[in-house]
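Novice: Attaching a single structure in structure tokens format; questions to follow.
The values are calculated or read from the model by the stated rules, or taken from the named source; none is laboratory data. Just so it is clear, the model here is predicted, and its values are computed rather than measured. Each accessible area value is taken on the protein alone, full model and side chains, heavy atoms only, with ligands, DNA and RNA left out. Shrake-Rupley method; radii C 1.70, N 1.55, O 1.52, S 1.80 Å.
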Amino acid sequence: PIMSADFHPVGLLATGSSDTEIRLWRVKLDSARKEGDAVIHGYDIGHVQSLIGHQGPVNVVRFSPDGGLLASGSDDKTIIIWRQKEASKEAAWGDARMLRGHQMDVCDLSWAPDGTALVSGSVDNRVILWNVEKLKMAEDFDQHSHYVQGVGWEPSGKCIVSCSSDRTCRVYTPQQAARKKGSKAQQQQMVEEASAPVASSVQRSWACTAVLNKRVVAPREPKEPKRDSAEQPASPDGTAAATVATTGAVATTGAVATTDAVATTGAVATTGAAATAAATVTTTGVAATTGDGSAPASSRLFLDDSVATFCRRPAWSPDGRVVLIPCGQYDAGSNRGADKVGRTTQVYARGCYDAPIAHLPAGAKPSIAIRFCPLLFELRAQAPEFTAALGSVLEAAAMDLRRPWLPLPHKLVWALITTDSIIVYDSQQSEPLALVQNTHFAPLTDLAWSPDGNILVATSHDGYVTLLRFDGGQLGTPLPADKQPQLAASPTAAAQPRAIAPAHGAALGAAAACASAVACAPAAATAPVAAVPAAACAAASERGDGRSEQCTAKDPAPSVASAAAPAACGGEADASGVSAKKKKRITPVLIAS
């Protein structure tokens with residue numbers, strides 16, 4: 001099985017597998033060829049080097065932001081820092097340094113934005129911060145009561161999140177250093193802290209400042225008995241109003257049905273596989289107490305340890321404004337009229353951890369890992385027009401999907417995986433850009449974006465790697481350098497984005513909404529609304545081996561290629577069939593224990 005993958009800033013791909021090896025690959029687009037009306041792009045994939053040092057399966061590999069270091073975590077309880085000895089040579093990785101501190105398998109790693117520190121999560125229920133410059137342990141957190149399966153370092157370096165199978169997500173921040181006396185001295189101290197490397201903040205005490213585990217849900221409405229046709233209320237003209245359900249839902253002949261939530265939030269509920277992948281925003285308006293004065297019901301935010309996955313890898317957006325957390329669950333309360341909990345991905349704004357601002361339904365399988373495209377994109381000039389000849393209810397619902405649900409001055413693109421699906425989103429519409437399914441015989445494990453954002457890689461337990469290619473402009477126009485956001489060292493709640501209900505998005509452009517963003521509401525006054533429909537087009541094709549492949553996309557469908565031999569765990573030859581050189585085991589130098 002291939003457990004993890006990550007791209008070097010210049011395009012080198014690293015994969016970690018259960019045979020204890022790390023393999024480095026050269027992945028480049030080859031010359032295109034025409035087959036009929038279609039243009040087929042090939043891949044130039046070649047094996048560069050194998051790194052052998054771990055004594056157990058390699059669960060995670062991550063390049064440092066500058067590409068000079070590669071960190072790997074393994075079942076052998078260790079983390080190895082690999083160094084590129086010569087920047088001009090691809091196959092010049094070695095000089096390994098081993099970090100010991102965990103007592104069980106290492107599940108996930110995340111680098112600080114400047115590459116001077118590292119955070120790790122393990123099956124021993126601990127989160128450890130490492131000072132990479134001094135190669136020693138800086139902090140050790142043991143608050144989780146079960147496996148820590150994912151960690152993520154915020155791009156400004158001032159926040160870390162950890163995800164655990166104990167059904168919680170914890171947020172860690174550095175403690176404020178003692179302020180010097182005098183206004184000038186304090187100002188100078190603040191300037192020094194802002195420009196200091198993250199490793200210096202690691203030397204100060206960090207603490208868990210927020211625990212994400214529950215949210216308030218709307219009380220469930222009692223089910224009313226079904227009426228016979230003779231008991232249906234009559235309309236003024238004497239005909240039976242059989243098309244209106246007792247709960248206020250509007251009956252339609254299609255797959256979309258509006259609910260009573262439309263009257264207050266404008267949200268629309270749907271059924272079907274495409275609908276489960278649409279983003280849902282969280283709105284305010286639920287009272288802190290129920291009608292009888294009792295405390296409102298609460299629901300767990302995350303799934304328990306019965307989920308058959310080894311990782312729960314969160315992801316911060318490149319601008320640091322939002323964090324996406326996988327393996328979430330969603331109890332709609334009275335909005336769904338049934339005791340059914342959905343699988344989803346929770347979306348939080350930075351600095352606002354009282355309640356999620358949105359969630360991304362994942363269907364029948366839970367999301368397990370998320371990665372953002374490293375590029376930011378310009379906003380579309382206007383939402384795509386909906387031209388399908390459908391009824392007013394369906395058309396209004398579909399138009400809602402084209403309106404911005406995450407108000408930002410630029411567009412984010414990210415991908416998440418379930419055990420059998422790859423779903424690509426952007427922040428300007430709640431409908432997924434693409435849904436790719438059934439490309440592997442075994443569950444997916446990890447994913448990674450190429451530095452230019454044109455290639456998305458997904459790994460699997462079956463020993464194969466899937467490459468999705470996006471043509472130029474398919475994801476959008478990259479944001480110019482002069483428009484790149486400056487990361488704030490100390491985010492405030494008032495500066496954070498706030499998701500907008502799709503029905504209200506018509507009057508609010510993304511840029512204007514971001515400028516007038518308001519602070520997050522308290523958890524007691526917040527409740528999610530019903531799911532938003534995804535009017536996605538589905539195209540299915542039969543593969544030669546009998547497996548089916550389905551891709552849902554509004555833009556032209558991304559190319560999908562499966563690389564078997566190059567990334568297979570047992571493969572000893574590169575993509576060209578030439579036998580690799582005899583492998584030499586690298587003995588890491590023990591640094592910390």
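Novice: Express in nm, to one decimal, how much length is gained between A297 and D482 on full extension, taking 0.36 nm for each residue of separation and deducting their alpha carbon distance.
Specialist: Working: separation 185, 0.36 × 185 = 66.60 nm, distance 4.74 nm.
Between A297 and D482, full extension yields 61.9 nm more.
Novice: Using a 1.4 Å probe and counting only protein heavy atoms, arrange H359, H461 so the residue with the most accessible area comes first. Please report the intermediate quantities before stating the final value.
Specialist: On the way: H359 5, H461 75 Å².
Largest to smallest exposure gives the sequence H461, H359.
Novice: Over all Cα pairs of segment 1-128, how is the pair count split among 10 Å bins, expressed in % and running from 0 up to the last occupied bin?
Specialist: 13, 42, 28, 11, 6, 1
Novice: Go through K28/K89; K77/K158; K28/K134; K85/K134; K28/K158 and tell me which ones have a Cα-Cα distance over 24 Å in this structure. Mind dumping the intermediate values first?
Specialist: Values: K28/K89 17 Å; K77/K158 27 Å; K28/K134 35 Å; K85/K134 18 Å; K28/K158 35 Å.
Over 24 Å Cα-Cα: K77/K158; K28/K134; K28/K158.
Novice: Given 0.36 nm per residue, what is the gain on full extension from N438 to D114 after removing their alpha carbon distance, in nm?
Specialist: On the way: separation 324, 0.36 × 324 = 116.64 nm, distance 3.75 nm.
That pair, N438 and D114, stretches by 112.9 nm at full extension.
Novice: To check my understanding: the extent here is largest minus smallest coordinate of the Cα atoms along each principal axis. What are those three numbers for segment 399-485, in Å, largest first?
Specialist: Principal extents (Cα only, largest first): 42, 30, 20 Å.
Novice: Contour minus end-to-end for D305 and M104, with contour as 0.36 nm per residue of separation and end-to-end as the Cα-Cα distance? Numbers along the way, then the final one.
Specialist: Values: separation 201, 0.36 × 201 = 72.36 nm, distance 1.71 nm.
Working it through step by step, the gained length comes to 70.6 nm.
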